[in-house]
Amino acid sequence: MRIMRPALALVLAGVLSATAACGDDGSGKQGDTTGAKLTMFAFSSSPAEDAVLRKAIDDYNKQGRNTVDLKVLPEYDTALTTALAGGQPPDVFYLNDNKLPDLGKSGALEPTGDQVDNPGDFYDTLKQSFTYQGTYYCAPKDFSTLQLVYNTADFEAAGLKPPTTWEELATTAKALTKPGHPGLVLAPEFYRWGAFFAQAGAWPTDDGITKMTMDTQPMRQALQYLTDNHKAGSFGTPAAVGAGWGGEAFGKGLTSMTIEGNWIVGAMKNDFPSVKYGVAELPAGPKGKGTMSFSVCYGVAKASKSKAAAVDLVKFLTSPDEQLTITKEFPVMPSRKSLADKWLTDKPELKAFVAGGDYAKKSVFVPGFSTVIDTFNDGIQGLAKGNKSVDDVVSSTQKAGGSVLG
């Protein structure tokens with residue numbers, strides 16, 4: 001599961017007018033569910049996963065209702081941006097949750113979230129991630145959550161068990177720390193530290209994303225906890241140990257714990273197959289458990305001339321049988337709650353990732369908020385390095401958010 005950061009917002013201002021110009025052509029095809037020639041855009045996750053998606057589309061085509069031309073694009077961001085701006089988008093396309101507000105605001109999306117079968121079966125957090133100003137736009141295809149990944153050999157040698165509280169996490173990390181080897185490595189960014197904010201009962205904004213809420217005791221408590229452990233040397237960053245991300249640091253034995261999503265499973269299998277590890281739910285904070293979710297939905301273009309057929313394709317791809325087939329061999333998890341136990345049948349060690357779906361915090365805000373996250377990330381990096389204070393980060397992020405939210 002990747003978190004896209006394409007430059008869609010730079011061109012979306014022109015999408016609404018292009019969409020209006022390229023709507024229903026009066027042919028009546030908008031309501032037809034058969035006989036359409038659809039185009040679908042998808043980004044590449046891995047050759048194996050691409051092959052599974054292609055097989056799913058082939059199976060759909062064999063049903064004879066419609067024909068889908070699947071384009072798995074290496075330059076996905078550019079291709080989708082160009083297609084949207086030109087008014088000739090794909091009928092169906094992958095859309096990361098953090099880009100939903102931009103497209104929802106632009107008018108480029110057809111609301112189809114409730115048109116799939118049994119829409120109530122999807123995790124509420126995921127549905128919220130694909131809702132903008134009260135409109136649920138698209139059904140999530142799968143999801144990931146953050147949890148604690150730990151080296152079982154290191155834990156056994158030290159006589160440790162997975163920590164369940166902040167205090168235990170700090171103590172465990174300290175016990176596993178040695179020169180050049182912090183006990184825990186996590187990326188210094190909102191999309192990792194945010195799990196701790198949720199555990200403290202803090203968040204950068206209110207639930208309605210109408211005002212900034214950085215200057216609160218819970219937020220300061222979370223930031224200070226992370227800062228203190230970095231200062232003590234028991235928490236570290238991937239860059240500090242010469243790694244590109246937490247999974248690499250963990251796989252190379254540069255740390256005994258990391259906080260990553262279930263995408264780490266594929267990396268461990270491919271790059272570090274000899275490393276034995278376990279996955280536990282993140283330790284609870286002052287307000288209980290907390291994590292973050294990341295998802296992708298099947299978007300349907302407002303400008304599509306075959307919307308009903310596009311929805312038919314989405315219904316097929318999100319059906320229980322098909323979704324279980326698509327996710328069975330990969331660490332991404334089905335977005336339908338009813339499939340959790342079946343998905344875990346041959347991978348019970350990943351139960352913690354699935355459990356996070358019940359309480360995960362969505363990482364989606366409003367159009368234009370990416371600049372606030374950039375400011376926050378700059379502050380988080382400063383806290384990890386020890387050259388900024390909690391007051392500095394709270395103040396700068398509160399101010400940056402105020403300029404966006406008003």
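The values are calculated or read from the model by the stated rules, or taken from the named source; none is laboratory data. It should be emphasised that the depicted structure is a prediction, and the values quoted were computed from it without experimental measurement. We place every Cβ from the backbone using ideal geometry, glycine too, and count neighbours over all the protein chains shown. Ligands, DNA and RNA are excluded from the accessible area calculation, which covers all protein heavy atoms including side chains. Shrake-Rupley method; radii C 1.70, N 1.55, O 1.52, S 1.80 Å.
Dipole orientation for the chain: of the candidates Ala352, Gly183, Pro286, Gly183 has the Cα lying most toward the positive pole (charges on Cβ; Lys, Arg +1; Asp, Glu -1). Taking 0.36 nm per residue of separation and subtracting the Cα-Cα distance, full extension of the segment from Thr135 to Thr371 would add 82.6 nm.
Highest mean packing first, where packing is the average number of other Cβ atoms within 10 Å per residue, the peptides 93-102, 59-68 line up as 93-102, 59-68. Put simply, when 290-296, 122-128 are sorted by average Cβ atoms within 10 angstrom per residue, most first, you get 290-296, 122-128.
For the chain, take the longest principal axis of its alpha carbons; what is the angle in degrees between that and the long axis of helix 307-317, to the nearest 10 within 0 to 90? The answer is roughly 40 degrees. Round to a whole number: what % of the accessible area of the chain belongs to carbon and sulfur, probe 1.4 Å? Roughly 50 percent of what the probe reaches on the chain is carbon or sulfur. Where only DSSP H runs of four or more residues are counted, the chain gives -12000 deg cm²/dmol as its mean residue ellipticity at 222 nm, each run worth -39500 (n - 2.57).
Neighbours of Ala202 by Cβ distance under 11 Å: Lys/Arg scored +1, Asp/Glu scored -1, total +2. For the stretch 36-144, the share of DSSP beta bridges that are antiparallel, to the nearest 5, is 20%.
A simple charge model with +1 on the Cβ of Lys and Arg, -1 on the Cβ of Asp and Glu and nothing else charged puts the dipole of the stretch 91-215 at about 480 debye relative to its Cα centre.
Relative to the longest principal axis of the Cα atoms of the chain, the long axis of helix 47-62 makes an angle of roughly 30 degrees. If the chain linking Asp206 and Ala48 were pulled fully straight, counting 0.36 nm for each residue of separation and taking away their Cα-Cα distance, it would gain 52.9 nm.
With r as the distance between the Cβ atoms of Lys55 and Gln224 and R0 = 41 Å, compute the FRET efficiency 1/(1 + (r/R0)^6) and round to 0.05. With a Förster radius of 41 Å, E is 0.25. The charge dipole of the stretch 160-291, taken about its Cα centre with unit charges on the Cβ of Lys, Arg, Asp and Glu (plus for the first two, minus for the last two), comes to roughly 320 debye.
Annotation for Ala157 and Asp114: the two label points, set 7 Å from Cα along the Cα-Cβ direction, are 5.6 nm apart. Compute the helix-to-body angle for 76-85: its Cα long axis versus the longest principal axis of the chain, expressed 0 to 90° and rounded to tens. For helix 76-85, the angle is close to 40 degrees. Rounded to the nearest 20, the size of the Cβ-charge dipole of the chain about its Cα centre is 280 debye, with Lys and Arg at +1 and Asp and Glu at -1. Using the 1.4 Å probe convention, the accessible area of the chain works out to 41 Å² per residue with neighbouring protein chains retained. Remark: the Ser395-Asp121 segment gains 94.6 nm on full extension, using 0.36 nm per residue and subtracting the alpha carbon distance. Cβ-Cβ distance of Gln128 and Asp271, R₀ of 25 Å, FRET efficiency by 1/(1 + (r/R0)^6): the value works out to about 0.15. For Ser319 paired with Tyr191, estimate the spin-label separation in nm (one decimal), with each label point 7 Å from Cα along the Cα-to-Cβ line. Going from the Ser319 label point to the Tyr191 one covers 3.3 nm.
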